[in-house]
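Notes to accompany the following structure.
The values are calculated or read from the model by the stated rules, or taken from the named source; none is laboratory data. Since we're looking at a predicted model, the values are computed, not measured. Cβ placement follows ideal geometry from the backbone for every residue including glycine, while neighbour counts extend to all protein chains displayed. Ligands, DNA and RNA are excluded from the accessible area calculation, which covers all protein heavy atoms including side chains. Shrake-Rupley method; radii C 1.70, N 1.55, O 1.52, S 1.80 Å.
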Amino acid sequence: QVQLVESGGGLVQPGGSLRLSCAPSKGIFGLYAMGWYRQAPGKQRELVATVTTGGSTNYADSVKGRFTISRENGKLMVHLQMNSLKPEDTAVYYCNFQTVQQPYWGQGTQVTVSS
């Protein structure tokens, strides 16, 4: 069974940066998009950013200009560079791979922005 393995979460001060990474435990077929979602306590999971295998990106308005999503198609990896972090970015961040067969989700990595 394929698992998505996330890394890079942690505690950072406001204004700081973090880089999240995600890769599958084995090969995935039919992949067409990768992305990051987040869920804060008491809130619904929301889209942060997505990137297609063709390179098209989409960002939530709240992170535009601060976060950058990138992918390595050959390695099936996706990254999320997060700059100028704010306390409201605090959440569990989930990696997502969309394939023609099914979506895959990571287990989540905690990002906490606090002084």
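How long is the stretch 71-115 along each principal axis, judged by its Cα atoms, biggest number first, in Å?
Extents along the principal axes: 42, 19, 12 Å.
For the chain, take every pair of Cα atoms, bin their distances at 10 Å starting from 0, and report each bin as a whole percent.
The calculated distribution, bin by bin, is 15, 50, 29, 6, 0.
Using a 1.4 Å probe over the heavy atoms of the protein chains, calculate the carbon and sulfur portion of the accessible area of the stretch 1-66 as a whole percent.
After summing per-atom areas, the C and S share lands at 48 percent.
Where the only charges are on Cβ atoms (+1 Lys, Arg; -1 Asp, Glu), what is the dipole of the chain about its Cα centre, to the nearest 20 debye?
Dipole size: approximately 80 debye.
At 1.4 Å probe size, what's the solvent-accessible area of Lys75? Round to the nearest 10 Å².
140 Å²
Ignoring ligands, DNA and RNA, what accessible area per residue does the chain give at 1.4 Å, in Å²?
With all protein chains present, the chain gives 53 Å² per residue.
Using the alpha carbon gyration tensor of the stretch 5-64, what are the three equivalent-ellipsoid semi-axes (square root of 5 times each eigenvalue), largest first, in whole Å?
After scaling each eigenvalue by five and taking roots: 23, 16, 13 Å.
Out of the stretch 1-96, which chymotrypsin sites (Phe, Trp or Tyr not before Pro) are coil in DSSP terms and have no more than 15 other C-beta atoms within 10 Å?
Hits after loop and neighbour filter: Phe29.
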